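The values are calculated or read from the model by the stated rules, or taken from the named source; none is laboratory data. Since the model is a prediction, treat every value here as computed from it, not as a measurement. All Cβ positions, even for glycine, are placed from backbone atoms using ideal geometry, and neighbour counts span all protein chains on display. What goes into the accessible areas is simple: the full protein's heavy atoms, side chains included, and nothing from ligands, DNA or RNA. Shrake-Rupley method; radii C 1.70, N 1.55, O 1.52, S 1.80 Å.
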Amino acid sequence: MPVGAAFLDRDGTIIEEVGYLDRVERVELYPWTIDAIRALNRAGLRVVLVSNQSGVARGFFTEEVVDEVHAHLAALLAEGGARIDAYYYCPHHPDGKVAAFARACDCRKPGRGLVDRAVREFDVDPARSFVVGDRWLDVALARAVGARGVLVRTGYGTTEERRPPADLTADAVVNNLVEASSWILQHL
Ligand SMILES: [Mg+2]
Ligand SMILES: [Zn+2]
């Protein structure tokens with residue numbers, strides 16, 4: 001039985017946007033993040049982090065650092081009884097300096113590769129799913145897979161809201177992740 005998922009962007013959505021996050025010490029949850037994710041868990045949605053981390057391809061930090069950040073995030077969430085079911089990220093960039101990751105790919109958002117992985121690993125139904133993020137590319141990912149897209153005003157969100165792309169609208173624009181979570185629960 002396919003299930004719905006909440007695909008959550010990381011930087012500027014779950015945690016503070018700090019530019020290239022290259023040290024675990026710089027991870028800072030928003031005050032509402034744990035409550036927001038716990039509500040999505042309780043609603044029976046798979047919660048999947050989907051993040052572009054081109055800093056790996058650019059040589060700013062390694063995949064080990066990304067894994068360390070996600071382990072730390074998981075521990076912080078667990079303290080509050082919240083859980084992210086899968087941590088997916090794209091380490092690539094076409095202009096990268098690290099040969100192993102310097103290429104075009106289908107997993108860099110708004111490409112759909114990370115969502116397709118959740119479809120394979122969790123039997124997720126994109127049509128019953130949501131994408132939440134602070135960039136239009138997150139909303140574009142929602143469009144690409146037939147999910148609903150929610151733009152949050154944290155991170156780059158307020159700047160993005162002022163510059164809407166001509167061919168793209170969000171299903172909702174809300175202040176932050178906990179408002180996005182409420183919107184999702186009302187639209188299951
Ligand atoms: Mg972001
Ligand atoms: Zn990729």
Scan segment 106-125 for residues that are more than 16 Å from ligand 2 (Cβ to nearest atom) and touching a residue at least 40 places away in the same chain (Cβ under 8 Å) and jot them down.
-> F122, D123, V124, D125
Top-ranked residue in segment 132-188 [being open to solvent by 50 Å² or more (accessible area, probe 1.4 Å), in contact (Cβ under 8 Å) with a residue 60 or more places away in the chain and among the hydroxyl-bearing types (S, T, Y); ranked as farthest from A5 (Cα to Cα)] = Y156
Please go through segment 73-95 and pick out each residue that is farther than 17 Å from L8 by Cα, more than 10 Å from ligand 2 (Cβ to nearest atom) and surrounded by 13 or more Cβ atoms within 10 Å (Cβ to Cβ).
-> G80
Pairs, first of a type in the set (V, I, T) in segment 46-71, second open to solvent by 50 Å² or more (accessible area, probe 1.4 Å), C-beta under 6 Å, six or more apart | V56/E63
Residues satisfying the stated conditions in segment 102-114, i.e. more than 16 Å from ligand 1 (Cβ to nearest atom) and closer than 25 Å to D85 by Cα | C105, D106, R112, G113
